[in-house]
Amino acid sequence: MSAIRTSSIRLKTALPGPRSRELGERRAAAVPRGVGHSTPIYAASARGALLTDVDGNVLIDFAGGIGTLNVGHANPEVVRAAAAQLERFTHTCFSVAPYEGYVALAERLNAIAPGKQPKKTFLANSGAEALENAVKIARHATGREAVVVFDHAFHGRTLLTMTMTSKVRPYKYGFGPFAPEVYRLPFPYEYRGRYAGAAAAAASLEEFFKTQVAAEKVACVVIELVLGEGGFVVAPKEYVATLARLCREHGILLVVDEVQTGFGRTGRMFACDHYGLEPDLVTLAKSLAGGLPLSAVTGRADVMDSAQVGGLGGTYAGNPVSCAAALAAVDFIEKNRLPERAEAIGRAVEARFRGFVERFPFVGDARGLGAMRALELVKDKATREPDKERTDRVIQRAYESGLVLVGAGTFGNVIRTLMPLVITDDELAEGLDVLEHALEKA
Ligand SMILES: Cc1ncc(COP(=O)(O)O)c(C=O)c1O
């Protein structure tokens with residue numbers, strides 16, 4: 001491929017354009033540098049999978065607010081529901097004067113979350129806050145303190161969730177000391193030789209409970225079934241089954257972090273559904289409320305009910321506007337069968353990505369689940385040495401041609417796709433053409 005034909009992408013200026021550059025200067029003076037960004041264009045409006053910047057450039061969005069926009073930018077049904085709620089009341093605090101939206105959303109999530117057992121739901125604001133609360137609930141319910149997490153995990157940026165997160169730079173470096181009683185297992189990362197089958201995994205898990213922390217002290221194991229920030233590595237089914245069995249045997253609660261995988265992204269409503277897994281708790285956020293801040297812990301009613309009255313909450317937790325948006329977003333996902341659409345998107349992307357592995361000597365691996373797909377870039381296919389520099393160049397070139405992409409991976413060498421699931425076939429093909437062109441030029 002030599003030139004790209006674009007029809008959705010419309011570039012009026014070189015990127016970033018003059019208005020974006022001006023805002024970039026104001027930002028540099030007003031916002032701390034620690035708040036990073038992957039593309040220096042400033043958004044003016046967005047619809048579906050298209051983003052228009054302040055200079056009038058239209059870009060295709062393969063990042064979707066890092067997986068927050070499965071229902072698309074400014075989804076009209078979500079906007080209508082949120083606007084109607086804004087007119088009724090903006091906030092009362094659920095712990096002061098409760099409202100139906102919170103209860104209705106809890107009922108809805110209890111019905112659709114993985115597992116047949118009776119469930120309850122607590123609502124919070126961000127993914128990190130959901131993880132914090134899942135650990136609080138698991139500790140209270142078990143009377144145990146230890147939390148087991150994985151290499152390459154990302155669970156958030158608060159003190160506990162930063163501790164649970166694996167990648168040192170930029171997420172942890174200089175921010176310690178960290179929270180106590182957090183232990184880490186290797187994630188079964190097949191491409192990097194970290195998985196040798198279920199029997200070996202079971203043996204090393206048993207060894208972990210002898211060398212790192214006693215199983216009877218562990219409140220919960222927290223796992224992403226597909227690593228998000230860690231680079232879209234899919235946990236093998238037998239590994240997950242072994243882990244779930246050992247958790248059950250040792251009275252350890254299994255918490256599945258579905259913040260990035262949830263709400264159709266993987267081709268099922270939840271990644272757990274691929275595994276036939278019934279976790280004790282799941283954490284949800286991102287696409288839950290179609291772009292508004294909201295998160296949830298949903299799980300076994302007996303576990304969720306453990307904490308004392310007043311032990312869970314937060315001023316904005318379960319804000320009514322976000323609840324209204326979430327009810328509309330979940331309706332939209334179900335009505336429009338977005339999980340099936342994610343499967344179809346995933347098939348199209350996978351076909352192109354397999355071609356990239358064959359064509360480019362530096363594309364080492366293509367993987368994923370549903371529409372959650374990734375390329376891992378290496379310096380050499382034999383040594384698999386990560387190539388972060390080339391990955392950054394690909395993302396840069398793609399954005400200069402009008403495609404917004406985000407990277408991932410502990411080594412910074414993964415390109416991931418998190419496009420809104422309402423993306424049209426033409427937009428998807430055009431975005432993939434731009435990505436291929438960027439790979440050629442980088
Ligand atoms: C799997 C996972 N868990 C937790 C979080 C943290 O969510 P938030 O940024 O809303 O706190 C993220 C964010 O990317 C995530 O991908």
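The values are calculated or read from the model by the stated rules, or taken from the named source; none is laboratory data. Remember, predicted model here, so these are calculated numbers, not experimental data. Reconstructed Cβ throughout: ideal geometry from the backbone, glycine too, with neighbour counts over all protein chains shown.
So which of Y195, Y183, Y191 ends up being in contact (Cβ under 8 Å) with a residue 60 or more places away in the chain, out of contact with any helix residue (DSSP H, G or I) (no Cβ under 6 Å at 6 or more places or on another chain) and among the hydroxyl-bearing types (S, T, Y)?
Details: Y195 fails: in contact (Cβ under 8 Å) with a residue 60 or more places away in the chain; Y183 fails: in contact (Cβ under 8 Å) with a residue 60 or more places away in the chain.
On inspection, the qualifying residue turns out to be Y191.
Within the range 276-303, can you find the residues that are in contact with a Lys or Arg (Cβ under 6 Å, 6 or more places away or on another chain) and surrounded by fewer than 23 Cβ atoms within 10 Å (Cβ to Cβ)?
Residue satisfying the conditions is A301 alone.
With the requirement that a residue be touching a Pro at 6+ places or on another chain (Cβ under 8 Å) and within 13 Å of V222 (Cα to Cα), what does the range 254-271 give you?
L254, V255, V256
Pick from K335, K286: which is out of contact with any Cys (no Cβ under 7 Å at 6 or more places or on another chain), more than 16 Å from the ligand (Cβ to nearest atom), of a type in the set (K, R) and more than 15 Å from A111 (Cα to Cα)?
K335 is the lone residue from the list that is out of contact with any Cys (no Cβ under 7 Å at 6 or more places or on another chain), more than 16 Å from the ligand (Cβ to nearest atom), of a type in the set (K, R) and more than 15 Å from A111 (Cα to Cα).
Give the residue, chosen from L312, L327, L292, that is modelled with pLDDT of 95 or more, within 16 Å of the chain's Cα centre (by Cα) and either within 16 Å of the ligand (Cβ to nearest atom) or not in a strand (DSSP E or B) (or both).
The unique qualifying residue is L292.
Residue check: is A202 without any contact (Cβ under 8 Å) to a residue 40 or more places away in the chain and surrounded by 15 or more Cβ atoms within 10 Å (Cβ to Cβ)?
no
If I filter the range 378-392 for residues that are crowded, with 21+ Cβ neighbours inside 10 Å, in contact (Cβ under 8 Å) with a residue 24 or more places away in the chain, hydrophobic (A, V, I, L, M, F, W, C) and touching a helix residue (DSSP H, G or I) at 6+ places or on another chain (Cβ under 8 Å), do I get at least one hit?
No, the range 378-392 has no match at all.
Looking only at residues that are at negative phi and touching a helix residue (DSSP H, G or I) at 6+ places or on another chain (Cβ under 6 Å) in the range 315-324, which one is nearest to the ligand (Cβ to nearest atom)?
As a first pass, look at the range 315-324 and keep what is at negative phi: 315-317, 319-324.
Next, only the ones that are touching a helix residue (DSSP H, G or I) at 6+ places or on another chain (Cβ under 6 Å) stay: 320-324.
Numbers: P320: 19, V321: 17, S322: 12, C323: 17, A324: 19 Å.
Applying the filter and picking the extreme gives S322.
Scan the range 111-166 for residues that are within 12 Å of the ligand (Cβ to nearest atom), within 19 Å of A301 (Cα to Cα), assigned to a helix (DSSP H, G or I) and small (G, A, S) and jot them down.
Listed by number, the residues that qualify are A130, A134.
Confirm whether F175 is touching a residue at least 24 places away in the same chain (Cβ under 8 Å) and either within 16 Å of the ligand (Cβ to nearest atom) or in contact with a His (Cβ under 7 Å, 6 or more places away or on another chain) (or both).
no
Suppose we keep only residues that are aliphatic (A, V, I, L, M) and over 27 Å from the mean Cα position of the chain (by Cα) within the range 16-53. Which one would you say is surrounded by the most Cβ atoms within 10 Å (Cβ to Cβ)? It would help to see each step written out before you state the result.
First pass over the range 16-53, keeping only residues aliphatic (A, V, I, L, M): 23, 28-31, 35, 41, 43-44, 46, 49-51.
Narrowing further to those that are over 27 Å from the mean Cα position of the chain (by Cα): 23, 28-30.
Details: L23: 16, A28: 10, A29: 6, A30: 7.
Once the filter is applied, the top-ranked residue is L23.
Does the range 250-266 hold any residues that are surrounded by fewer than 19 Cβ atoms within 10 Å (Cβ to Cβ) and either among the charged types (D, E, K, R) or within 16 Å of the ligand (Cβ to nearest atom) (or both), and which are they?
Those that are surrounded by fewer than 19 Cβ atoms within 10 Å (Cβ to Cβ) and either among the charged types (D, E, K, R) or within 16 Å of the ligand (Cβ to nearest atom) (or both): none in the range 250-266.
Give me the residue from the range 227-249 that is hydrophobic (A, V, I, L, M, F, W, C) and part of a loop (DSSP other than H, G, I, E, B) and, out of that set, nearest to the ligand (Cβ to nearest atom). Walk me through how you get there before you give the answer.
Residues of the range 227-249 hydrophobic (A, V, I, L, M, F, W, C): 227, 232-235, 240-241, 243-244, 246-247.
Filter again for part of a loop (DSSP other than H, G, I, E, B), leaving 227, 232-233, 235.
Numbers: L227: 8, F232: 11, V233: 12, A235: 13 Å.
Per the criteria, the residue is L227.
Scanning for something modelled with pLDDT of 95 or more, under 27 Å from I137 (Cβ atoms) and within 16 Å of the ligand (Cβ to nearest atom), does the range 201-220 turn up at least one residue?
Scanning the range 201-220 turns up at least one residue that is modelled with pLDDT of 95 or more, under 27 Å from I137 (Cβ atoms) and within 16 Å of the ligand (Cβ to nearest atom).
Residue by residue, here is whether (1) farther than 30 Å from D433 by Cβ; (2) free of Cβ contacts under 8 Å to residues at least 40 places away in the same chain holds:
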site	(1), (2)
Y275	yes, no
L281	yes, no
A307	yes, no
A325	yes, no
K335	yes, yes
A351	no, yes
F360	no, no
A366	no, yes
G370	no, no
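Yes or no: Y191 among the aromatic types (F, W, Y) and in contact with a Phe, Trp or Tyr (Cβ under 8 Å, 6 or more places away or on another chain)?
Against the criterion (among the aromatic types (F, W, Y) and in contact with a Phe, Trp or Tyr (Cβ under 8 Å, 6 or more places away or on another chain)), Y191 does not qualify.
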